[in-house]
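Nothing in this text is a laboratory measurement; each read-out follows from the coordinates by a stated rule. Computed from a prediction, not measured in an experiment: that's the story for all the values here. As a convention, Cβ positions derive from the backbone with ideal geometry for all residues, glycine included, and neighbour counts pool all protein chains shown.
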């Protein structure tokens, strides 16, 4: 059920990027004269960006040649946006089309809370959605639904039910736990819920 693929470059890729930055190897792509958005420095500067394989090799003056050169002519160049919380089911799009729409508009990663699928199909539905996301270009951080049904105090009329222990187990194979919706159990100080919340908050990313 792990969806996020390890996208860190290998050592040989880093070496090739370093050599390209020094002008010892050819860059794969050079974007010239772009307004580069530096999210760390909170600054925008007009400069070049060189890419070797999957690695940004240089920002600023880039030495040597490139297989492909793009003249940005003052357009903005920014890191991919991150969707911090979304329910893909509410978009009424398949995982592949959902991914295509986000990537096309500059969003390259998303934290996906699959509460609706879990509420109807349980962990079987969560696993199916995870498999569907494995083939997309979007980097997906899938979150286990913590409250299925949304409230333990209310009859959910035949929907799925996921015990807290199974939520914690599922979260170990995903990227964390989604939003807590059972506010009634929280307000009433339900011991089982509070125990689950304590375990979840110390072990996982919880939205």
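Couple of notes before you dig in:
- Over the stretch 102-207, the hull volume per residue, using the convex hull of the C-alpha atoms, is 103 Å³.
- Each Cα pair under 8 Å and six or more residues apart adds its separation to the average, and for the chain the resulting relative contact order is 17 percent.
- Each peptide in 26-39, 139-152, 166-179, 83-96 gets a packing score, the mean of other Cβ atoms within 10 Å over its residues, and the list from highest to lowest is 139-152, 166-179, 26-39, 83-96.
- Protection proxy ranking, peptides 119-130, 14-25, average beta carbon neighbours within 10 Å, highest first: 119-130, 14-25
- Among beta bridges from DSSP that stay inside the stretch 11-77, the antiparallel ones total about 65%.
- Fraction of beta bridges assigned by DSSP in the chain that are antiparallel (%, nearest 5): 40 percent
- Calculated mean residue ellipticity, 222 nm, the chain: -10000 deg cm²/dmol, from DSSP H runs (n ≥ 4) at -39500 (n - 2.57) each, averaged per residue and rounded to 500.
- P(r) tail fraction, the chain - alpha-carbon pairs more than 33 Å apart, %: 34 percent
- Where only C-alpha atoms are counted, convex hull volume of the stretch 11-77 per residue in Å³: 79 Å³
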